[in-house]
1. Among Ala223, Asn252, Ser99, which residue has its Cα furthest toward the positive end of the charge dipole of the chain, with +1 on Lys/Arg Cβ and -1 on Asp/Glu Cβ?
2. Report the rotationally averaged projected area of region 176-318 based on its alpha-carbon convex hull, in square nanometres.
3. So, counting K/R as plus one and D/E as minus one, what does the shell of residues with Cβ under 13 Å around Ile259 add up to?
4. Considering only Arg23, Arg220, Arg172, give the residue with the highest GNM mean-square fluctuation for the chain, with springs between Cα atoms whenever their separation is below 10 Å.
5. Across bins of 20 angstrom width beginning at 0, how are the C-alpha pair distances of the chain distributed, in whole percent?
6. Aspartates and glutamates within cross-link reach of Lys214: Cα-Cα under 20 Å, excluding same-chain residues under 8 positions apart?
7. What nm distance separates the two modelled labels at Ala112 and Arg172, each placed 7 Å from Cα along Cα→Cβ?
8. For a quick check, take a GNM of the chain with Cα springs below 10 Å and name the residue from Gly132, Gly179, Gly194 with the largest mean-square fluctuation.
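The values are calculated or read from the model by the stated rules, or taken from the named source; none is laboratory data. This structure is a prediction, so every number in the text was calculated from the model and none was measured. Positions of Cβ are generated from backbone atoms using ideal geometry, with glycine treated the same way; all protein chains shown enter the neighbour counts. Ligands, DNA and RNA are stripped out before the accessible areas are found, and what is left, the full protein with its side chains, is counted by its heavy atoms. Shrake-Rupley method; radii C 1.70, N 1.55, O 1.52, S 1.80 Å.
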Amino acid sequence: MYKTKAYAAASATSPLGSAQIPRRDPTAQDVQIEVLFCGICHSDLHQVRDEWKSIMPTVYPVVPGHEIVGRVTKVGAAVKKHKVGDLVAVGCLVGSDGSCPQCKKDLENMCANGVFTYNAPDKHKTAPVTYGGYSDSIVVDEHFVLRIPKNLDPAGTAPLLCAGITTYSPMRRAGVKQGMKVGVAGLGGLGHMGVKFARAFGAHTVVFTTSPSKKEDALRLGADEVVNSRIADEMQKHAGSFDFILDTISANHDIDAFINLLAVDGNLTLVGAPEKPMSISAFGLLMGRRSVSGSLIGGIAETQEMLDFCGKHNITSDVEVIPIQKVNEAYERLLKSDVKYRFCIDMASLKSE
Ligand code: NAP
Ligand code: ZN
């Protein structure tokens with residue numbers, strides 16, 4: 001076991017601050033990584049503030065961070081995929097049982113024994129729970145360590161590990177392609193990646209935003225149209241016309257307003273995870289045989305496929321790179337929808353702590 005620097009929150013109401021955390025020495029299957037960049041996901045904020053306490057209560061201290069890019073510093077004797085010096089990535093998962101029907105289908109994200117990168121019971125008992133990427137160094141089973149295409153910028157790549165795969169996976173499952181009309185609700189970290197993928201897959205892409213100031217950016221990111229979701233008339237013009245809508249909104253909102261925009265047999269997939277339950281009118285679904293579903297990140301093979309797709313199409317996240325000392329300010333800005341379009345921590349800033 002060794003100690004490494006990190007940023008942690010001591011309670012749901014404390015700011016994040018400097019801390020020392022334990023990491024296990026790499027086992028035969030493990031890769032030790034020096035963290036270079038870590039994206040800030042709205043899920044980090046939800047969990048630091050214990051907003052998901054009914055589903056996954058936060059154990060303190062919590063070290064968030066599941067959009068990790070780093071350099072391999074050590075590998076265990078049995079490691080085959082990675083070597084010292086490689087630039088690699090780690091997302092939301094660091095473990096699964098490997099033997100259940102879901103794992104056998106490469107759906108580690110659906111494994112009942114999946115281990116999240118932070119705030120999950122630590123099977124290695126190095127600490128009560130796993131600690132995430134707001135830290136100098138992390139040790140991860142090689143199966144959960146991804147390769148990064150060489151042409152991609154490391155800071156812009158980090159958010160692909162959560163915002164990227166979370167939007168890529170449901171769009172792939174929905175068969176998003178040319179000829180389809182696709183909506184992306186909420187233009188934040190997930191939403192802006194959703195727009196890039198919908199565009200890359202060739203769909204007619206419409207952004208729904210509550211921030212009129214984001215219109216130009218939405219068009220630049222690849223949207224064909226932008227709708228202010230707070231203006232009923234603008235929404236009404238699109239009634240019954242969407243094949244697929246990806247809902248990335250982080251706060252409670254009126255889902256029916258989006259369901260009514262779906263065509264017959266259209267689907268709205270929720271990836272946003274607001275704190276409180278939201279209501280849905282039965283009639284919005286009955287009329288038009290529409291469906292609502294959910295999606296959680298993606299499996300490891302699909303995450304690698306997404307990274308390779310991004311390499312081929314030169315897709316990265318639009319990031320505002322910040323030092324770790326600005327993380328609490330960044331959380332406040334996230335709450336105001338003031339992010340363009342993902343904060344990414346330059347972990348070199350942790351060295352001075
Ligand atoms: P984010 O960067 O904060 O973006 C969320 C966006 O939602 C905002 O930029 C804003 O877009 C919109 N929004 C915020 N409050 C709103 C409100 N009251 N009404 C309508 N729209 C509102 O967050 P993120 O990192 O993309 O994450 C989005 C959600 O997905 C979070 O709940 C997060 O926990 C969840 N998530 C889920 C998964 C998964 O696997 N399912 C993975 C990662 C994250 P506009 O300014 O354009 O309106
Ligand atoms: Zn995330």
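1. It is Ser99, whose Cα lies furthest towards the positive end.
2. 8.6
3. Taking every other residue near Ile259 into account, the sum is -2.
4. Answer for the Gaussian network model of the chain: Arg220.
5. In order of increasing distance, the bins hold 31, 58, 11, 0 percent.
6. Partners within reach: Asp224, Glu225, Asp233, Glu234, Asp247, Asp318, Glu320, Glu332, Asp338.
7. 2.6
8. Result for the chain, Cα springs under 10 Å: Gly179 fluctuates most.
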